[in-house]
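The block underneath contains the structure these notes are about, expressed in structure tokens.
The values are calculated or read from the model by the stated rules, or taken from the named source; none is laboratory data. Everything numeric here is computed off the predicted structure, so don't read it as measured data. Cβ atoms come from the backbone with ideal geometry, glycine included; neighbour counts cover every protein chain shown.
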Amino acid sequence: MRKLQNMLLSLSVLFIFAVILTFTPGNFVYAEESTYGHISYVDKEAKVIRQDHTEHKAVVNLPVAPGDQVVTSNKGRCELQFDNGTIIRLDKNTRLKVTTVLAPSLTSRRKVTTLHLLEGQIYTMVQSYGREMFQVITPNAALDLKSRSSAAIQARDNGDTFIYVVKGKFKVMYGEDTDSVKTAKLKSGNGYTITADHQLRIGDNFRDIDFMAWNDYITRNFKDLHYGISKLPRKIVRNSALMYWAEKWSSVFGEWVYDELFGYVWRPYDEYFAYSARPFFHADFVRVNGELILVPQEPWGWVPAHMGTWIWTKSGWTWVPGEAFHTGVVSFSFLPYYAYPSLSSWMYYAYGSYYHYYIYRNYGLRAWQQAYKKTYKTAVKKPSLKRLPASVRDIIKKMNNTPVKDLKERLGTTRLPKFDMKKLTPILDSKSPVKTKPPVNPRSSSTVKSKSPAKGSVPISAAKRSAAHSRWSLQKSRLLKKGRVGGGPVKSVSSTGNFRDWNPDIHWAIRTGNKVHYSSRNNEVVCSNLKINSRSMTAFQKRSIGSSASSRGNRGYGSSSSSSSDSSGSASSSTSASGSGSGSHRGGGGGGSKGGGAAGKSKQ
């Protein structure tokens, strides 16, 4: 009888969850961090090739996602920018793959951004996220690029990799196999070549004059558009993506004003934009990994289109800066169209609509619950605010402290800025479906009852968690017996297609004999033989792998060589590659030669 009660309880919980998703008013896709880059400049011809092999002509503000390749012709160049201000410029005849962007790590708290330079030449100007490890991998080398460093990197037709360090210092990893991997520090003002036979040659200062001249020209023009940080609101300065946009564009195409209710806001000078039916009225749309993404036509539009919140005031569309990233598209289960995620859209999600919000403000919670149930045919306990971006919650808190009469006068219209479905229909009818990630609905009264299960019953989530814990423990114990977790390197097992990689997960896999690879589709690191990935692994799995990595110090498997600035000759290291060096490098901690292994440098 008790088993039957537990089964019925489990089915009821599943049914309630299904009802919650069915009656979710809005479908929002947003994240606290952006894993997209975008095309920020195009000189003649370039294109973006998606994972599904579809091709898009490169235009300003076209999004670039993990798995995409940016390709230039023999006539064109282009520039790729990430939301922290990192800039990658591509020369003619270049192919660059964006493998991951801020992908979580299996063995550490780092987030891994990996670009593969398949052919051609790029110029990098790297900024940094808090825990980001940013690397560029060529066919025979891997560069661990530090914040505020700049370099020209070329994958040559003869198999060489050429690096010229313009600014800063960073490390390179090279070698024929895992037993001969070496690392070296590269210094500004010097040129380096990793030869096709895996030797480091120092003093090669040959640079492509045409590409460097083009790059200098673009840089000078960008500086002309930059304005001092002192002109920016403090809220903007705290976020690198917002600050970079504000310095470059905000004073050129609009102005910062202080609003008594919303604080510092930005208003575009373009009156056609300010008083149009919706923000970015002439935008285009593309599919990227199944998600529908807005592509603004305005050169300044990437950050305001995908971060922060647009509100309608008497002065027209006004932008309130915020840090959460969204795709620029929102849909509603009860409306036959898509809209731009303005404040009106967030109000539909949180309260049901502005109409329901004003009922909440004027008549209280019970009246709002009744109105919501009448409209959406489902009972709710309170407005759904927890799932909103922090910046939107702050706006609503300020609104709740403002008299309703003043709000109505200040906000003007509360209409939803809907899109022209004639423009969206061809994209929506294409083969690949649009991803939907419905947020959690306001909890219904029936959902609250499920919090108190019958005595002796086990909630579904706990049962699944317990089963997963048991399976992982059994799997780990079997692997430990085979020496496959923390049991030393197994040379016969290939961990990745390219062992020259600064990701600590790769080093851990090579030492323990596990198989690790990147999944661009899900922007994660996957360990195939353990059947886990870095995005959905449990805390228990993270601790288990982390302890396995830290028990060996998570050390790199390559020896370290210090590069000199000799104008001729080559540099090499003659140390053992057994992983006995400790040191530290980005992403988890190996790669130096401090404290273990004798790192000798042979003279040429």
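Within segment 128-139, at least one residue is more than 21 Å from the chain's Cα centre (by Cα), on the phi < 0 side of the Ramachandran plot and either aromatic (Phe, Trp, Tyr) or not in a strand (DSSP E or B) (or both).
Just so you know, in segment 164-197 the residues that are hydrophobic (A, V, I, L, M, F, W, C) and in contact with an Asp or Glu (Cβ under 9 Å, 6 or more places away or on another chain) include one that is nearest to ILE209 (Cα to Cα), and it is ILE194.
When the residues of segment 82-116 are filtered to those that are out of contact with any Leu (no Cβ under 8 Å at 6 or more places or on another chain) and in a strand (DSSP E or B), the one that is modelled with the lowest pLDDT is PHE82.
So in segment 70-96, with the set limited to residues that are touching a His at 6+ places or on another chain (Cβ under 9 Å) and in contact (Cβ under 8 Å) with a residue 40 or more places away in the chain, which one is surrounded by the fewest Cβ atoms within 10 Å (Cβ to Cβ)? Top of the filtered list is GLN81. Criterion applied to PHE281, PHE332 was being free of Cβ contacts under 8 Å to residues at least 40 places away in the same chain, over 23 Å from the mean Cα position of the chain (by Cα) and farther than 25 Å from ASP406 by Cβ, and the one residue passing it is PHE281.
Count of segment 141-171 residues, restricted to those that are closer than 21 Å to LYS92 by Cα and either among the hydroxyl-bearing types (Ser, Thr, Tyr) or surrounded by fewer than 21 Cβ atoms within 10 Å (Cβ to Cβ) (or both), is 9. Just one of the listed residues (GLU119, GLU79) is acidic (Asp, Glu) and modelled with pLDDT of 95 or more, namely GLU119. Scanning segment 54-75 finds no residues that are touching a helix residue (DSSP H, G or I) at 6+ places or on another chain (Cβ under 9 Å), closer than 20 Å to TYR518 by Cβ, of a type in the set (A, V, I, L, M, F, W, C) and not in a strand (DSSP E or B).
Take VAL303 and tell me if it is touching a helix residue (DSSP H, G or I) at 6+ places or on another chain (Cβ under 7 Å), more than 21 Å from HIS56 (Cβ to Cβ) and either of a type in the set (Lys, Arg) or crowded, with 19+ Cβ neighbours inside 10 Å (or both). In short, no. Against the test of being outside any helix (DSSP H, G or I) and either at pLDDT below 90 or surrounded by fewer than 20 Cβ atoms within 10 Å (Cβ to Cβ) (or both), the options LYS408, LYS431 yield a single qualifying residue, LYS431. Tell me which of these ASP157 doesn't satisfy, since it passes every other one: (1) touching a residue at least 60 places away in the same chain (Cβ under 8 Å); (2) outside any strand (DSSP E or B). Of everything listed in (1) touching a residue at least 60 places away in the same chain (Cβ under 8 Å); (2) outside any strand (DSSP E or B), ASP157 misses just condition (1). Might you let me know whether segment 411-419 holds any residue that is in contact with a helix residue (DSSP H, G or I) (Cβ under 6 Å, 6 or more places away or on another chain), within 28 Å of PHE280 (Cα to Cα) and modelled with pLDDT under 85? Looking through segment 411-419, at least one residue is in contact with a helix residue (DSSP H, G or I) (Cβ under 6 Å, 6 or more places away or on another chain), within 28 Å of PHE280 (Cα to Cα) and modelled with pLDDT under 85.
Hey, could you check segment 346-399 for residues that are part of a helix (DSSP H, G or I) and among the β-branched types (Val, Ile, Thr) and say which is surrounded by the most Cβ atoms within 10 Å (Cβ to Cβ)? Taking the candidates together, the pick is VAL392.
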